[in-house]
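One structure is given here, and the rest of the page talks about it.
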Amino acid sequence: MSAVYKDDQEDWVTVCLKYLLFVFNFLFWVGGAAVLGVGVWTLVEKSDYLSLLASSTFAVSAYILILAGSLVVVTGFLGCCAVIREQRSCLSTYFFCLLFIFLIELVAGVLAYVYYQRLSEELKQHLNQTMTENYAQPGKDAITLAVDRLQQDFKCCGSNNSHDWRVSVYISSKHADARIVPDSCCKSITPLCGQRDHPSNIYKVEGGCITKLEQFLADHLLVIGAVGIGVACLQICGMVFTCCLHRRIKMDPY
């Protein structure tokens, strides 16, 4: 009688573990969609600004999240099959897939955090140089468009202030047509509006575009880091449930 009770108890535990893994897989898919969405959003929504950065760490973090989110979709189906079939080999494969994705997302989160720490210094060192030396220069169309969009989106002018443009290659050239700042600095863009740098005509933001871009990127990095590490922690639960179910099946003499 006690043996029968023990078998029923073991079956009950196994069923509970299976349902827990099904619930986890649902949450896993939701988390994967979030990871994929954040990665795509980061690259598509403000991809122009990536050309203004000295390093590719920001873009790499987003690409890693896209890779991890894509793998989650496949792994989620594998997890459901593993739970239904109750095969140790499937569960083992599912566990190692979870572990692999966990490591990928952890790397993305750590990269985002590390880059967040040195973001301000990088922008201070490179943004002004990029804007003044490459704006409206041959072969630098991506940077030119990025700078124009940056100044219009964030309502700023120059890396630190509008005076930065006075030493730029573009403003010093004949192609500037006596402009003091690019037309994208103007509050209302009209041809040659950059010839007058009065506050009523152009954006005079304290801290310039560096402050605005730094805040924007910092917010994105926090989202990347939080989503990556958050979903990675969720996967720990999935790995624990998988190990427990694997052990129950392994203990089954049949």
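The values are calculated or read from the model by the stated rules, or taken from the named source; none is laboratory data. Since the structure is predicted, the reported quantities are computational estimates derived from the model, not experimental observations. Positions of Cβ are generated from backbone atoms using ideal geometry, with glycine treated the same way; all protein chains shown enter the neighbour counts. In case anyone asks, the SASA skips ligands and DNA or RNA and just uses the protein heavy atoms, side chains included. Shrake-Rupley method; radii C 1.70, N 1.55, O 1.52, S 1.80 Å.
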Of the residues in the range 142-169, how many are more than 12 Å from CYS209 (Cα to Cα), touching a residue at least 12 places away in the same chain (Cβ under 8 Å) and surrounded by fewer than 21 Cβ atoms within 10 Å (Cβ to Cβ)? 6
Output for Cβ contacts, cut-off 8 Å, separation at least six or different chains, first residue under 19 Å from ILE143 (Cβ atoms) in the range 178-189, second open to solvent by 10 Å² or more (accessible area, probe 1.4 Å) and among the aromatic types (Phe, Trp, Tyr), reads PRO182/TYR135; PRO182/TYR170; CYS185/TYR203
Could you tell me whether VAL23 is among the β-branched types (Val, Ile, Thr) and either outside any helix (DSSP H, G or I) or farther than 20 Å from ILE66 by Cα (or both)? yes
Can you tell me which of (1) at pLDDT below 85; (2) closer than 30 Å to ILE64 by Cβ; (3) of a type in the set (Val, Ile, Thr) is the one VAL205 doesn't meet? (2)
For the range 63-75, which residues satisfy the criterion of being under 15 Å from GLY238 (Cβ atoms) and crowded, with 22+ Cβ neighbours inside 10 Å? ALA68, VAL72, THR75
So GLN235 clears everything in (1) over 30 Å from GLU105 (Cα atoms); (2) open to solvent by less than 70 Å² (accessible area, probe 1.4 Å); (3) under 23 Å from the mean Cα position of the chain (by Cα) except one condition, right? Which one? (1)
Applying the selection to the range 119-141, what residues are of a type in the set (Ser, Thr, Tyr) and either open to solvent by 90 Å² or more (accessible area, probe 1.4 Å) or not in a helix (DSSP H, G or I) (or both)? TYR135
If you scan the range 170-213, which residues turn out to be open to solvent by less than 80 Å² (accessible area, probe 1.4 Å), over 14 Å from VAL147 (Cα atoms) and acidic (Asp, Glu)? ASP197
